[in-house]
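Student: The structure that follows is given in the form of structure tokens.
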Amino acid sequence: MPIDACHTQIPHTDRVCVWLMQHAGLKTVDLERARRLSPDGSDLLGLLTRLGLVSEVELARAWAELLGAPLLLADAAPPLLDPLPALTERFMRHYQVVPMGWAHGGLRVLAANPTQHYPFQALAYACDVPVWLAIGPRTEVETLIERYYGQGRSAMGTLIENLDEQGGALEDIEHLKDMASEAPVIRLVNLILQRAVEQRASDIHIEPFENQLKVRYRIDGVLHDAEAPPASSSAAVISRVKIMARLDIAERRLPQDGRIMLRIQGKALDLRVSTVPTSFGESVVMRLLDRQTVQFDFPSLGFDGERLAAFLDVLERPHGILLVTGPTGSGKTTTLYTALARLNSAERKIITVEDPVEYQLEGINQIQVKPAIGLDFAGALRSIVRQDPDVIMIGEIRDLETCRIAIQSSLTGHLVLSTLHTNSAAASITRLLDMGVESYLIASTVSGILAQRLVRRLDPATRVAFEAPPELIEEHGLQRFTDERPILLYRPGAEGGYHGRSAITELLVMNDELRGLLMRHADAATLEQAARRAGLRTLHEEGLRQAVAGVTSLEEVLRVTRGEGA
């Protein structure tokens, strides 16, 4: 957009705030707080981002939408701008503008704050060409300024230059605390957290080794290396995280668990922090729980059709046990929270026992177990039953005592939801038998078992369709899952890839045949064959169905379900 046309329609700050409340989750109470801190309103929008009430990306989206200007990120700019306009770095940093390309016989300028007319006039005069406006987040503008006019350093590289060189084995706790409280270390840790949010990471791994400090982000279930500080900063960076999580920085011999509550990029985040001692220091893992954007909605999780109808039928029963199984990180807790959100009503009293309580659910009584003071799953459950609940959720069935109380609660008219760590639905029954539960109790209380995994979703805008080769169709029996001919499969495109995840599930609903086999102590394979006769579709088959539907790729299904069988 030509800059002159743009400046005839610059929206008032209030319009931008209204857009942010409607589309970016800005709350009225937070806006009023920011207004009190900026009575003249001169830098209200900048204050909103500094307070973490909205992200820089959301503010840029607001400007782009209201002005009809393109929203561009630094990735869209060329590595080198040729020719490079003769501008001063100081001028561009002050006004938060930077040239990012030549277009329409003029200069395309990326701006974080389009309200000021002077810098654009100055750019047009200095370059003697028309200026075309594009909107970008402030950090993206700074990245381009550094790329074109600085020394090409990354944001982390700039921070690292300000770090004092320190040895990795710091024994003076007070000195370590002082280092962890210094501005460069604080900014370094904040940058690691900010990038995790920007990349939609679910976990951050900070791992010290002999000659390096590794930082990795788990994005859509897969770990990716990230830019990391030098090994000499390991002790200070890890101590900073421990201070934020209120952990004992002097204790480096034992594992510790903590929690960090903060706002980053306009998101209210809850970080679960775990530290364990390793050969070269403490390994830190932080799990990011975004309390604002999590959706407790079955279709958005990947549940649909007959599978969803059958699961909801089991869920709506007044009593019985519903188990969700799968390995760590397979989305079991999210599925249970979604089930609780559906059951949550004025007529039902719901109590949960969890370790830890991951999300706060309004109207539901949630109990955090504390083994250190004797409040374990079994102890909490014994008290819960006397609280007259209708629905009980147990974070995980870990031992026979907890399992027996769950069964007793079911027999006395409660609906019990819980998780198990097993590989398939049928294997969960075997697991309960191995724990020492009598087969007749399992047969009379367990209503259904849902096994699940998470596969990465293909980006619909960039996925590439191709005709499935005959050998693949025959090997996996793909003709079972679609009537379309030819059969198409999909792969990630060159421009994009995967975005988000979808659940693939297998649901075993207890019936008379299964109960009879269970009483005769049948093995998991026999139980699964009987369940398949009643309509069970395995994880592998459900994955193939989603691959043919274009939700994910065949390679992703095979990666997640390898060894589960067809």
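Student: May I ask you to work out the translational diffusion coefficient for the chain at 37 °C, viscosity 0.692 mPa s, via Stokes-Einstein with Rh from the Kirkwood sum over Cα pairs, reported in whole µm²/s?
Tutor: Values: Rh = 27.2 Å.
After rounding, the answer is 121 µm²/s.
Student: Let me ask something additional. I'd like the orientation of helix 332-343 relative to the chain: the angle between its Cα long axis and the longest Cα principal axis, in ° from 0 to 90, rounded to 10.
Tutor: The angle comes out at about 80 degrees.
Student: I want the antiparallel fraction of DSSP beta bridges within the chain, as a percent rounded to 5.
Tutor: Working: 57 of 86 bridges.
Percentage antiparallel, nearest 5: 65.
Student: Shifting gears a bit: Size of the dipole of the chain about the Cα centre, Lys and Arg at +1 and Asp and Glu at -1 on the beta carbon, nothing else charged, in debye to 20? Could you put the intermediate results ahead of the total?
Tutor: Details: 59 positive and 73 negative charges, 170 e Å.
Dipole size: approximately 820 debye.
Student: Could I ask something else about it? Evaluate the Debye formula for the range 474-566 with equal point scatterers sitting on the alpha carbons, no solvent, and hand back log10 of I(q)/I(0) at q = 0.12, 0.13, 0.14 Å⁻¹, in q order, two decimals.
Tutor: Taking Cα atoms of the range 474-566 as identical point scatterers yields -0.48, -0.54, -0.61.
Student: Note the direction-averaged projected area, equal to a quarter of the hull surface, for the Cα convex hull of the range 343-434, in nm². Kindly include the intermediate steps, with their values, before the conclusion.
Tutor: On the way: hull surface 26.3 nm².
Its Cα hull, projected and averaged over all orientations, spans 6.6 nm².
Student: Using a 1.4 angstrom probe on the protein heavy atoms only, could you order 177, 27 from most to least accessible area?
Tutor: On the way: 177 85, 27 110 Å².
Listed by decreasing accessible area, they come as 27, 177.
Student: Solvent-accessible area of residue 102, probe 1.4 Å, all protein chains present, reported in Å² to the nearest ten, please.
Tutor: For residue 102, the solvent-accessible surface is approximately 110 Å².
Student: Also: Can you tell me, using C-alpha contacts under 8 Å and at least 6 residues apart, the relative contact order of the range 456-566 as a whole percent? Provide the component values of the computation, followed by the final result.
Tutor: Details: 135 pairs, mean separation 38.5, N = 111.
Over the range 456-566, the number comes to 35 percent.
Student: Report, in debye and to the nearest 20, how large the dipole of the range 266-350 comes out about its Cα centre when Lys and Arg carry +1 and Asp and Glu carry -1 on their Cβ.
Tutor: Details: 10 positive and 9 negative charges, 45 e Å.
Computed about the Cα centre, the dipole is about 220 debye.
Student: Okay, next question. Relative to a virtual label point 7 Å from the Cα of residue 375 in the Cα→beta-carbon direction, which members of the range 212-247 show backbone nitrogen distances below 20 Å?
Tutor: Only 246-247 fall inside the zone, counting backbone N under 20 Å.
Student: Further, regarding this structure: Pull out the extension gain between residue 484 and residue 190, defined as 0.36 nm times the separation in residues minus the alpha carbon to alpha carbon distance; nm, one decimal.
Tutor: Working: separation 294, 0.36 × 294 = 105.84 nm, distance 4.99 nm.
Contour length minus the Cα-Cα distance gives 100.8 nm.
Student: Can you tell me the accessible area per residue over the range 251-380, all protein chains present, probe 1.4 angstrom, in square angstrom?
Tutor: Values: 6030 Å² over 130 residues.
Here the per-residue accessible area is 46 Å².
Student: Follow-up. So, R0 is 41 Å and r is the distance between the beta-carbons of residue 212 and residue 534; what FRET efficiency does that work out to, to 0.05? Write down the numbers at each step before the final one.
Tutor: On the way: r = 54 Å, r/R0 = 1.31.
Using R0 = 41 Å, I get an efficiency of 0.15.
Student: Can you give the relative contact order of the range 299-371 as a percent, counting alpha carbon pairs under 8 Å and 6+ residues apart? Write out the running numbers ahead of the final one.
Tutor: Details: 42 pairs, mean separation 13.7, N = 73.
Relative contact order for the range 299-371 comes out at 19 percent.
Student: Tell me, what is the percent relative contact order of the chain, built from C-alpha pairs under 8 Å that lie six or more residues apart? All intermediate terms of the calculation are to be shown ahead of the outcome.
Tutor: Working: 950 pairs, mean separation 51.9, N = 566.
Value for the chain: 9 percent.
Student: Separate question: Mind ranking 119-129, 399-409, 423-433 by how tightly packed they are, going by the mean number of other C-beta atoms within 10 angstrom, highest first? Don't jump to the answer; show the numbers that get you there.
Tutor: Details: 119-129: 16.0, 399-409: 19.5, 423-433: 23.0.
Most protected by this proxy first, the peptides run 423-433, 399-409, 119-129.
Student: Going from most exposed to least, what order do 435, 21 have by accessible area with a 1.4 Å probe?
Tutor: Largest to smallest exposure gives the sequence 21, 435.
Student: Once both labels are modelled 7 Å past Cα along the beta-carbon direction, what's the residue 259-residue 309 spacing in nm?
Tutor: Modelled inter-label distance: 4.1 nm.
Student: If I model a spin label as a point 7 Å beyond the Cα along the Cα-Cβ vector, how far apart are those points for residue 103 and residue 90 in nm?
Tutor: Each label point is offset 7 Å from its Cα along the Cβ direction, giving 3.1 nm.
Student: If amide H atoms are built 1.01 Å from N in the plane of the peptide, which residues on other chains or at least 5 residues away come under 5 Å of the amide H of residue 464?
Tutor: 491, 493
Student: Could you give the nm distance between label points at residue 525 and residue 408, where each point is 7 Å from its Cα heading toward the beta carbon?
Tutor: In this crude spin-label approximation the distance works out to 3.8 nm.
Student: Compute the acute angle (0 to 90°) between the alpha-carbon long axis of helix 56-67 and the principal axis of greatest extent of the alpha-carbon atoms of the chain; round to the nearest 10°.
Tutor: Roughly 70 degrees, rounded to the nearest 10.
Student: Additional query: Once a ≥ b ≥ c are taken as the square roots of the eigenvalues of the Cα gyration tensor of the range 208-265, is the result rounded (a/c under 1.5), prolate (a/b larger than b/c) or oblate (a/b not larger than b/c)?
Tutor: On the way: a/c = 1.73, a/b = 1.13, b/c = 1.53.
Since a/c reaches 1.5 but b/c is at least a/b, the shape of the range 208-265 is classed as oblate.
Student: Tell me, in nm to one decimal, what length is gained between residue 128 and residue 200 on full extension, where the rule is 0.36 nm per residue of separation less the Cα-Cα distance?
Tutor: 21.8 nm
Student: While we're on this one: I'd like to check one number: the per residue accessible area of the range 43-87, probe 1.4 Å, reported in Å² as a whole number. Each step should come with its number before you reach the end.
Tutor: Numbers: 2100 Å² over 45 residues.
For the range 43-87, the per-residue accessible area is 47 Å².
Student: Here is a further query. Taking only DSSP H segments of four or more residues, each worth -39500 (n - 2.57), what value at 222 nm results for the chain once the sum is divided by all its residues, to the nearest 500 deg cm²/dmol? Spell out each step's value before the answer.
Tutor: Details: 24 runs with 224 residues, N = 566.
Theoretical 222 nm ellipticity from helices: -11500 deg cm²/dmol.
Student: Hand me the GluC sites (Glu not before Pro) from the range 316-372 located in a DSSP loop with no more than 12 other Cβ atoms within 10 Å, in residue order please.
Tutor: On the way: sites: 316, 347, 354, 358, 362; in loops: 316, 347, 358, 362.
Passing both the DSSP loop test and the Cβ count: 316, 347, 362.
Student: Which is farthest toward the positive dipole end of the chain among 481, 508, 315, measuring Cα position about the Cα centre, with Cβ charges +1 (Lys, Arg) and -1 (Asp, Glu)?
Tutor: Sorting the options by dipole projection puts first 315.
Student: If you roll a 1.4 Å probe over the chain with all protein chains in place, what percent of the accessible area is carbon or sulfur? Please list the in-between numbers first.
Tutor: Working: 13120 of 26580 Å².
Summing carbon and sulfur atoms, their accessible area is 49 percent of the total for the chain.
Student: Could you tell me how many degrees, from 0 to 90 and to the nearest 10, lie between the Cα long axis of helix 234-244 and the main elongation axis, the longest principal axis, of the Cα atoms of the chain?
Tutor: Approximately 70 degrees, to the nearest ten.
The values are calculated or read from the model by the stated rules, or taken from the named source; none is laboratory data. These numbers were taken from a predicted model, which means no experiment stands behind them. Reconstructed Cβ throughout: ideal geometry from the backbone, glycine too, with neighbour counts over all protein chains shown. To get the accessible areas, we keep the full protein, side chains included, count just its heavy atoms, and leave off ligands, DNA and RNA. Shrake-Rupley method; radii C 1.70, N 1.55, O 1.52, S 1.80 Å.
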